[in-house]
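Heads up, the thing below is written out as structure tokens.
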Amino acid sequence: MSGGVDSSVAAALEKEAGHEVVGATMKLWGGTSDSGCCSIADVTDARRVCDHLGIEHHVFNFTAEFDHHVVDAYANEHATGKTPNPCVECNRHLKFDAFLSRAARLGFDAIATGHHARVVRTGSEVRIGRGRDDAKDQSYVLAVLDERARAALHLPIGEMTKAQVREHASDLGLRTWAKPDSQDVCFIASRTTGSARHDFLSERIELHEGALLDYRSGEHLGMTDAVELVTVGQRRGLGVADGERRYAISVDVAARTVRIGEERDLLIDGVDLGDPMVIATPLPEGARVTVQVSAHGRGRAGTLLGRHVAYDEPERRVAPGQLVAWYLGDEVYGSAVAR
């Protein structure tokens with residue numbers, strides 16, 4: 001339980017369904033942060049919701065695991081010019097590995113979360129399906145889960161819209177019913193705007209000044225204070241506005257250069273997805289799939305070609321570094337990071 005409305009209602013629904021329910025919050029971050037799922041206020045909200053529901057509440061300390069699998073990985077990805085996705089790594093290593101293992105050792109049969117997605121069971125096979133609320137769907141993030149995690153997972157709010165979740169919380173008198181969704185990286189404080197990420201990473205990796213070069217001509221366009229802080233697809237904060245939208249096309253930390261180009265340079269028709277994170281059932285080459293990219297982009301039609309997805313519509317493409325999940329119908333079959 002993160003202290004938010006979704007996990008609060010998930011706990012309530014599990015109790016309403018007749019399950020023996022215990023609430024648990026993960027303490028993940030030991031550093032300074034005023035946002036995300038690790039603040040004292042959020043733990044307090046989770047505990048008070050549990051008191052209101054009449055269930056026990058526990059806090060599991062996973063700070064060491066979080067530092068290694070999420071924070072260190074986040075810094076290392078920046079150091080090599082890649083675009084990290086800490087929420088995916090947290091799901092993979094913390095929520096659905098360390099947390100699941102702790103629950104099993106304590107004798108629990110399943111874990112329930114407040115993700116907007118569904119568990120789809122067909123015989124002995126378990127897959128993740130899209131949540132009913134298109135705007136809040138999180139199934140693409142859960143595509144990283146292995147078979148063990150999928151089999152032990154309950155997603156009680158997957159059939160509800162966000163409005164219905166808040167309404168149910170209000171009807172129950174839960175203090176979290178109107179609480180805003182968290183939008184920040186939980187281990188980086190949001191109290192400052194431009195300097196928070198710089199300050200955080202400068203304590204963990206060496207930052208280097210770099211040259212901004214035109215993607216096509218190689219023309220020198222300016223300098224960036226830290227090439228490690230630029231991510232592929234970034235548009236804001238590059239300092240090269242010339243009346244047209246300009247994007248970071250590639251980041252070469254070793255050469256201390258960032259290539260800047262137009263949207264047409266960033267988006268490509270065929271993207272090497274690398275090794276898929278999870279494939280519930282292997283799909284044959286040539287399978288017709290729809291693709292979801294990051295938190296948006298639902299419904300992009302494409303064909304699975306080995307480790308590539310080729311899109312039918314040229315304007316519907318994907319940038320390297322983005323998380324991609326592919327579906328047959330509403331069910332997730334795999335995900336990977338576009339390279």
Only listed residue being in contact with a Cys (Cβ under 8 Å, 6 or more places away or on another chain) and surrounded by fewer than 21 Cβ atoms within 10 Å (Cβ to Cβ), chosen from 52, 58, 69, 19: 69
Hey, residue 226 modelled with pLDDT of 85 or more and either under 30 Å from residue 126 (Cβ atoms) or loosely packed, with under 12 Cβ neighbours inside 10 Å (or both) or not: no
Residue ranges of helices (runs of 4 or more DSSP H) in region 125-206 with at least 2 members under 18 Å from the mean Cα position of the chain (by Cα): 139-142, 147-151
Residue match in region 98-108 (condition: in contact with an Asp or Glu (Cβ under 9 Å, 6 or more places away or on another chain) and not hydrophobic (A, V, I, L, M, F, W, C)): no
Matching residues, region 151-175, being modelled with pLDDT under 95 and buried (at least 21 other Cβ atoms within 10 Å of the Cβ): none
Residue match in region 34-53 (condition: part of a helix (DSSP H, G or I), out of contact with any Pro (no Cβ under 6 Å at 6 or more places or on another chain), hydroxyl-bearing (Ser, Thr, Tyr) and outside the structural domain of residue 228 (by TED's automatic domain parsing)): yes
Residue identified as farther than 24 Å from residue 76 by Cβ, surrounded by fewer than 19 Cβ atoms within 10 Å (Cβ to Cβ) and either of a type outside the set (D, E, K, R) or touching a residue at least 60 places away in the same chain (Cβ under 8 Å) (or both) among 233, 237, 243: 243
Selection count, region 106-128, where residues are touching a residue at least 12 places away in the same chain (Cβ under 8 Å) and either closer than 25 Å to residue 26 by Cβ or among the charged types (D, E, K, R) (or both): 16
Tabulated pairs, region 49-62, first aromatic (Phe, Trp, Tyr), second part of a strand (DSSP E or B), C-beta under 7 angstrom, 6+ apart or interchain: 60/24; 60/26; 60/27; 62/26; 62/27
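The values are calculated or read from the model by the stated rules, or taken from the named source; none is laboratory data. Just so you know, these numbers come straight off a predicted model, no measurement behind them. Reconstructed Cβ throughout: ideal geometry from the backbone, glycine too, with neighbour counts over all protein chains shown.
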